[in-house]
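Input: a single structure, listed below in structure tokens.
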Amino acid sequence: MLFSYILLGLSLSAPIGPINAAQLDKGIRYGFWHAWLVGVGAMCADALFMLMIYFGLAQYVELPLVKTFLWSFGAFVLIYTGIESMTASYTDETHRSYSSTKMKSFRTGFFMALSNPLNILFWIGIYGSILAQISSQYEHTQLLIYSGGIFIGIMLWDFTMAGAASGARRWMTAKLLRGVSILSGLFLIGFGVYFGFQAVKMFIG
């Protein structure tokens, strides 16, 4: 059972989205730890969502005002991160180590995951149904163990992404590194524009 929840954690993390794009960008530009900390930040946000669902607070996310705020804040975070990624791609190599810190990478992952309504609704749907199933069959201790299994899977994926990104960094030329950063930035901005559009729809609807 625990192994199946570890696999679930892996499968939840694998789909390409803003977090994976940010990990790839940070790993290629700054190395393993920056990429991994983006994932750790996102995982902390996921833990908050799980606690919200566990304590029955998830219903408040459905309020129109809260949804509008999340879409707007998510748009800001993604567009800002995307622009930063693109401008940083033109930063000279000697200044790269100073243009990002490990704490900044952690904050990027945390706020990107925290402000993503799709992520929140995804956790409500997935973890909410898991919680309903497990709580009727198992004790609270087992519930914590299986929830921990999901996080082990997410952590394994974060290590994999960070390792792949930092490993690829060694084989890339400066021009190719710049191209990946620009592409990653455009990807994040695209998500941000979509989030902004959803915020406007919520506001006028």
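Segment 24-53 and segment 156-205 have their alpha-carbon centroids 13 Å apart.
Counting only residues at least eight positions apart within a chain, or on another chain, the lysines with an alpha carbon under 17 Å from that of LYS67 are LYS201. Partners of LYS175 within straight-line reach, counting lysines whose Cα lies under 23 Å from its Cα and excluding those fewer than 8 residues away in the same chain: LYS26.
Computed on the Cα atoms alone, the convex hull of segment 1-47 gives a volume of 75 cubic angstrom per residue.
Quick note: the coordinates plus some simple rules give every number you see, no bench work behind them. Just so it is clear, the model here is predicted, and its values are computed rather than measured.
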